[in-house]
Amino acid sequence: MTMIMKTMKTCFKCKNEKPIWKNHLGKKYCKYCWMSNLSLKKDVKQKRIKAFSDKKLKETREYSKLRKIYLDKHPMCEASIHNCSLKASEIHHIKGRGSNYLLCEEWMAVCRNCHTWIENNPIEATSKGFRKSKIK
């Protein structure tokens, strides 16, 4: 039985003559040095994932402008139901967001208390016309 002998080379980290386990970016490492220092693999710069896609960022900017204009035109709460504070501070999307996100026709200016009530009581909110099906 013949044994294959690896050629001995100098490890970049420990500087000892050992069989080379990994050649990373032109630097040769023995098995022990490579396994003990896995941070060497992080030499490659990873691209950071964006918080928002370019499309979503553009849509959000447009929404912010439209939201401000809508709240300026509708300063009073349009729901006036549960512990209403009368001053509108939020936009309620009657048909939900998604494809209706920028449709001002499906918006309602509400105060925080009314918005919370609408979201927590979907059946009553639907019967009062504060919510509609996204499908229709």
Among residues of region 1-11 being in a loop (DSSP other than H, G, I, E, B) and modelled with pLDDT under 85, the residue farthest from ASN37 (Cα to Cα) is MET1
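Residue-by-condition table, conditions (1) over 30 Å from CYS14 (Cβ atoms); (2) in a helix (DSSP H, G or I); (3) in contact with a Phe, Trp or Tyr (Cβ under 9 Å, 6 or more places away or on another chain); (4) not small (Gly, Ala, Ser):
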| residue | (1), (2), (3), (4) |
| --- | --- |
| TYR29 | no, no, yes, yes |
| TRP34 | no, yes, yes, yes |
| ARG48 | yes, no, no, yes |
| LYS68 | yes, yes, no, yes |
| ASN83 | yes, no, yes, yes |
| ILE91 | yes, no, yes, yes |
| LYS95 | yes, no, no, yes |
| MET108 | yes, no, yes, yes |
| ALA125 | yes, yes, yes, no |
The residue from CYS77, CYS114, CYS84, CYS33 that alone is touching a Leu at 6+ places or on another chain (Cβ under 6 Å) and surrounded by 13 or more Cβ atoms within 10 Å (Cβ to Cβ) is CYS77
Within region 102-111, residues closer than 18 Å to GLY129 by Cα, surrounded by fewer than 19 Cβ atoms within 10 Å (Cβ to Cβ) and in contact with a helix residue (DSSP H, G or I) (Cβ under 7 Å, 6 or more places away or on another chain) come out as CYS104, GLU106
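The values are calculated or read from the model by the stated rules, or taken from the named source; none is laboratory data. All figures in this text were calculated on a predicted structure; none of them were measured in a lab. Don't worry about glycine lacking a Cβ; one is built from the backbone with ideal geometry, like all the others, and counts go over all protein chains shown.
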